[in-house]
Amino acid sequence: MGNTAILKGLKAGLPIMASYTALGLACGIVLFDAGFSVMSIFLMSLLVYAGAAQFLAGSMVVLGASVPSIILMVFFLNLRHILMAASISKHVKNKSVGFLALFGHTLSDESFGINYSNFQKDNWTVNDAIVTNFFNYSVWAVSTALGGVIGSQFIINTQIMNYALIAMFICMMVMQFVSKTYIITAVISIVLSVFFTLLLKHNIALVIATLLASMIGYYIEVNSKRTGVRSND
Amino acid sequence: MTSRSFILIIGMAAVTFLPRFLPLLFLSKKEISPSFSRWMTYIPVSVFAALVASDVFFWEGSFSLQPDENIKLLPSIIVLFIALKTKSLLWSMLTGIIAITLLSLMV
């Protein structure tokens with residue numbers, strides 16, 4: 001891999017690196033406030049590398065959630081990556097298991113977005129992709145650790161920093177609005193989430209709401225297709 | 001680092017890595033069933049909506065739809081609008097933080 005390949009990957013990653021710096025600082029501050037040391041924040045970013053999941057872990061730890069319930073929620077949060085990895089898998093054929101592991105580990109929402117669109121172009125190779133991923137990954141790890149350092153030095157209103165997570169989830173929800181069915185699913189999930197949270201007073205409410213809403217969404221899709229076929233007859 | 005946070009990090013690492021790695025490993029050879037993968041496309045939107053709702057509509061542990069008590073309500077409407085307009089995580093977060101900061105100073 002020559003210097004030009006590294007420059008190409010770096011250039012493609014720049015916009016992501018800029019936003020990871022800001023998001024990473026905020027995430028590091030939230031995690032430090034939740035009781036994680038700067039070293040464990042850095043370790044978490046290296047081993048986990050999933051911004052939304054790390055933010056969520058921070059706020060769930062503050063709420064006193066148990067370790068298994070946090071891991072379960074992170075699992076549901078990360079299920080979307082199955083779809084991303086599945087749809088990008090055709091571009092990383094005939095690679096070693098080690099390469100696939102590295103590629104998978106550094107496959108974030110943003111890395112997927114940039115690589116998926118770049119793979120549609122002829123001159124984008126798997127090596128360019130992994131260089132971009134690696135730059136984004138490094139920036140994320142360093143900026144979350146730096147956020148931890150900032151959190152340890154200054155008193156920051158974490159209620160406000162935690163709201164950053166809500167804003168992030170609102171935006172990630174909106175990015176999923178590719179058709180009317182997904183908007184309806186979101187509304188159903190909101191209602192179910194509030195209902196089960198009030199009923200059960202436990203984080204498991206989110207898991208139930210997620211599963212039910214996604215099934216209802218899929219049910220609506222299947223049914224609207226059926227009626228669509230009928231109306232064409 | 002406490003052993004609790006270490007266990008949490010390892011657990012999170014496993015449930016983060018496997019959904020990204022296993023499809024890369026297997027799906028180049030085999031396809032998942034179409035109905036299963038269609039259902040899966042509804043999981044992200046449901047997860048995000050559930051997470052947002054369980055936080056935004058609650059203030060100090062109880063359900064609240066009063067914008068002057070639950071100061072997360074108005075910023076969330078603003079963020080929703082910005083997110084629909086820009087689809088940018090950074091802008092959504094910045095707007096949200098500014099809105100809730102201003103509101104917490106006023107209330």
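Going through segment A:65-93 one residue at a time, which ones are aliphatic (A, V, I, L, M) and more than 7 Å from chain B (Cβ to nearest Cβ)?
A:Ala65, A:Leu72, A:Met73, A:Met84, A:Ile88
Assess whether B:Ile100 counts as being more than 21 Å from A:Ile82 (Cβ to Cβ), touching a helix residue (DSSP H, G or I) at 6+ places or on another chain (Cβ under 8 Å) and not in a helix (DSSP H, G or I).
Against the criterion (more than 21 Å from A:Ile82 (Cβ to Cβ), touching a helix residue (DSSP H, G or I) at 6+ places or on another chain (Cβ under 8 Å) and not in a helix (DSSP H, G or I)), B:Ile100 does not qualify.
Hey, can you tell me all the residues within segment A:182-195 that are within 9 Å of another protein chain (Cβ to nearest Cβ) and among the aromatic types (Phe, Trp, Tyr)?
Scanning segment A:182-195 gives a single hit, A:Tyr182.
Being more than 7 Å from chain B (Cβ to nearest Cβ), in contact with a helix residue (DSSP H, G or I) (Cβ under 6 Å, 6 or more places away or on another chain) and farther than 24 Å from A:Thr144 by Cα is true for just one of A:Asp33, A:Asp128. Which residue is that?
Selected residue: A:Asp128, the only one of A:Asp33, A:Asp128 that is more than 7 Å from chain B (Cβ to nearest Cβ), in contact with a helix residue (DSSP H, G or I) (Cβ under 6 Å, 6 or more places away or on another chain) and farther than 24 Å from A:Thr144 by Cα.
State which residue is farthest from A:Ala18 (Cα to Cα) when the search covers only segment A:92-136 and only residues that are among the β-branched types (Val, Ile, Thr) and assigned to a helix (DSSP H, G or I).
Checking each candidate, the answer is A:Val97.
Just to be sure, is A:Met60 under 23 Å from A:Val207 (Cβ atoms), at the interface with chain B (Cβ under 8 Å from one of its Cβ atoms) and assigned to a helix (DSSP H, G or I)?
no
Given the conditions (1) at the interface with another protein chain (Cβ under 8 Å from one of its Cβ atoms); (2) without any contact (Cβ under 8 Å) to a residue 12 or more places away in the chain; (3) more than 13 Å from the chain's Cα centre (by Cα), which single one is not true for B:Gly96?
The number of the failed condition is (2).
Test A:Thr144 against the stated conditions and say whether it is β-branched (Val, Ile, Thr) and buried (at least 18 other Cβ atoms within 10 Å of the Cβ).
yes
Take segment A:33-52 and flag every residue that is in a helix (DSSP H, G or I) and in contact with a Ser or Thr (Cβ under 6 Å, 6 or more places away or on another chain).
Within segment A:33-52, A:Asp33, A:Ser40, A:Ile41, A:Ser45 meet the criteria.
Select, from A:Phe169, A:Phe154, A:Phe196, the only residue that is in contact with a His (Cβ under 9 Å, 6 or more places away or on another chain) and within 24 Å of A:Val62 (Cα to Cα).
The match here is A:Phe196.
May I ask you to list the residues in segment A:149-189 that are of a type in the set (Phe, Trp, Tyr), free of Cβ contacts under 8 Å to residues at least 40 places away in the same chain and assigned to a helix (DSSP H, G or I)?
A:Tyr163, A:Tyr182
Determine, yes or no, whether A:Leu43 is out of contact with any Pro (no Cβ under 7 Å at 6 or more places or on another chain), in the same structural domain as A:Gly147 (by TED's automatic domain parsing) and surrounded by fewer than 23 Cβ atoms within 10 Å (Cβ to Cβ).
It is true that A:Leu43 is out of contact with any Pro (no Cβ under 7 Å at 6 or more places or on another chain), in the same structural domain as A:Gly147 (by TED's automatic domain parsing) and surrounded by fewer than 23 Cβ atoms within 10 Å (Cβ to Cβ).
Being out of contact with any strand residue (DSSP E or B) (no Cβ under 8 Å at 6 or more places or on another chain), within 7 Å of chain A (Cβ to nearest Cβ) and on the phi < 0 side of the Ramachandran plot: is that true of B:Asp68 here?
Spelling it out, it is not the case that B:Asp68 is out of contact with any strand residue (DSSP E or B) (no Cβ under 8 Å at 6 or more places or on another chain), within 7 Å of chain A (Cβ to nearest Cβ) and on the phi < 0 side of the Ramachandran plot.
Given the criterion more than 19 Å from A:Phe195 (Cα to Cα) and acidic (Asp, Glu), identify the matching residue among B:Asp68, B:Asp55.
Unique residue meeting the criteria: B:Asp68.
Test B:Phe81 against the criterion of being surrounded by fewer than 17 Cβ atoms within 10 Å (Cβ to Cβ), at the interface with chain A (Cβ under 7 Å from one of its Cβ atoms) and free of Cβ contacts under 8 Å to residues at least 40 places away in the same chain, and give yes or no.
No.
Kindly establish whether A:Phe135 is more than 7 Å from chain B (Cβ to nearest Cβ), more than 21 Å from the chain's Cα centre (by Cα) and crowded, with 20+ Cβ neighbours inside 10 Å.
For A:Phe135, the condition - more than 7 Å from chain B (Cβ to nearest Cβ), more than 21 Å from the chain's Cα centre (by Cα) and crowded, with 20+ Cβ neighbours inside 10 Å - is not met.
The values are calculated or read from the model by the stated rules, or taken from the named source; none is laboratory data. Predicted model only: the values in this text are computed from it and were never measured. Virtual Cβ from ideal backbone geometry, glycine too; neighbours counted across all protein chains shown.
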